[in-house]
1. So residue 226 fits all but one of (1) surrounded by 17 or more Cβ atoms within 10 Å (Cβ to Cβ); (2) within 36 Å of the chain's Cα centre (by Cα); (3) at pLDDT below 95; (4) among the β-branched types (Val, Ile, Thr); what number is the exception?
2. Of the residues that make up the stretch 72-84, is at least one modelled with pLDDT of 75 or more, open to solvent by less than 30 Å² (accessible area, probe 1.4 Å) and part of a loop (DSSP other than H, G, I, E, B)?
3. Which of the residues belonging to the stretch 25-67 are within 15 Å of residue 90 (Cα to Cα) and open to solvent by 60 Å² or more (accessible area, probe 1.4 Å)?
4. Within the group 186, 223, which residue is basic (Lys, Arg) and part of a loop (DSSP other than H, G, I, E, B)?
5. Only residues in the stretch 230-256 that are assigned to a helix (DSSP H, G or I) count as the first member; pair them with residues that are of a type in the set (Gly, Ala, Ser) and buried (at least 16 other Cβ atoms within 10 Å of the Cβ), Cβ under 7 angstrom, at least 6 apart or cross-chain, and list the lot.
6. How many residues are open to solvent by less than 80 Å² (accessible area, probe 1.4 Å) and in a loop (DSSP other than H, G, I, E, B) when one looks only at the stretch 257-277?
7. State whether the residues of the stretch 146-156 include one that is free of Cβ contacts under 8 Å to residues at least 60 places away in the same chain, open to solvent by 30 Å² or more (accessible area, probe 1.4 Å), in a loop (DSSP other than H, G, I, E, B) and closer than 17 Å to residue 261 by Cβ.
8. Since residue 280 meets every condition but one in (1) part of a helix (DSSP H, G or I); (2) open to solvent by 40 Å² or more (accessible area, probe 1.4 Å); (3) assigned by the TED database to the domain that holds residue 192, which condition does it not meet?
Amino acid sequence: MTQDRYGSDVLGGSGSTHHRPPRTSRPQAADAGLVVEEVTSGWVGAVVRVEKSGGMHVVVLEDRRGRTRTFPLGPGFWVDGEPVELVAPVRATAPAPPTRTASGSRAVHGAQARVARGSRIWVEGKHDAELVEKVWGDDLRLEGVVVELLDGVDHLADAVRDFAPGPGRRVGVLVDHLVPGSKESRIAAEVTRTAPAGTVLVLGHPYVDVWQAVRPQRLGLDRWPTIERGTEWKKGVLRELGWPADEQADVARAWQRILRSVRTYADLEPSLLGRVEELIDFVTA
C-alpha cells in the first residue's frame, strides 16, 4: 500500500503553517462627508454629524437615498476596504485673540467702553467716519471718544461756536484737502484763532477725498486716477476704474468695496495716520 504523503487535505501543511496576520483597525476621524460602511448591518453612508446620545458618542450616517441611521463610534466600520475605528473629529480650537488693534495699539480684551468724554472728534463725511471707526474704533471706545459728522467744513465756525469748547471739552477736526492756500486752510486758521486757546485743533490730509488715503495697492492699482476739475471726483474715479458710476448707490457700493480692503493702519497713507493719531492725543490729553 502506498502512503499518501500529502494527506487528505492537499492544502494543509505537515509542518508549520503560515497565516495572514489579521488586519487591525486604524483610527479614523468621523469628519462630515466621509463615506463609511458599518460592517454588521452593511449600511453605507456619509457622515452627517457626530453627537453625544445616552452618555456615548454616536455617528449619524446618511445613505444615497437620504435615509439616516445612527451607530456608536468605535470599531466595526470600513473605509475604502480597510477596517477603521471611528473617533470623534478634532474640534478646531478658537483662534487666539489679537494682541493688537487695527490701529497697531495693544489690544485690551474684556474692557468695557469708557463713558463718553466731553471732547469730540469731527470728520467731514460718513466715509471718513467709517474709515476712522474701522481702524481706530477699538481705541476710541476704550478712550471714550465720540466721532461725529460735520455738516460741511464751510459751517465749521458755527459748529465750534455751538459746541462751546473749554476745559475738558475739546474738539479735534479732520478736514479733507487741507493744503496751503485752500479754502479749507483759511477756515481752519480762522476757527483756531477765534476759539479759546488750546481747545480746538484742526488737522487734515492733502487728498480731495478720504478714499485716496487708502493705499491704491489694496485695490490692485498703482495710483489713484487723476480727475479733471469740474468733474465730480468720486464718480470720475469710478468711471476711470471701470466701475458702475451712474447712481449714488454705485458710489456707496464702491466705498464699501474700498473699505473692505482696509485691514489695519498699514493699508492707509501716513498723511492720514499721523493726523488722526494727533487728534486722538489732543482730545484725550
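1. Of the numbered conditions (1) surrounded by 17 or more Cβ atoms within 10 Å (Cβ to Cβ); (2) within 36 Å of the chain's Cα centre (by Cα); (3) at pLDDT below 95; (4) among the β-branched types (Val, Ile, Thr), the odd one out for residue 226 is (1).
2. no
3. 27, 31, 32, 49, 51, 52, 57
4. Values: 186 fails: part of a loop (DSSP other than H, G, I, E, B).
After ruling out the rest, the residue left standing is 223.
5. Short answer, once both residue conditions are applied: 235/245; 238/245; 238/254; 239/245.
6. 4
7. no
8. All conditions are met except number (2).
The values are calculated or read from the model by the stated rules, or taken from the named source; none is laboratory data. This structure is a prediction, so every number in the text was calculated from the model and none was measured. Cβ coordinates were reconstructed from backbone atoms using ideal geometry, including for glycine residues, and neighbour counts include every protein chain displayed. The accessibility values were calculated without ligands, DNA or RNA, using every heavy atom of the protein model including side chains. Shrake-Rupley method; radii C 1.70, N 1.55, O 1.52, S 1.80 Å.
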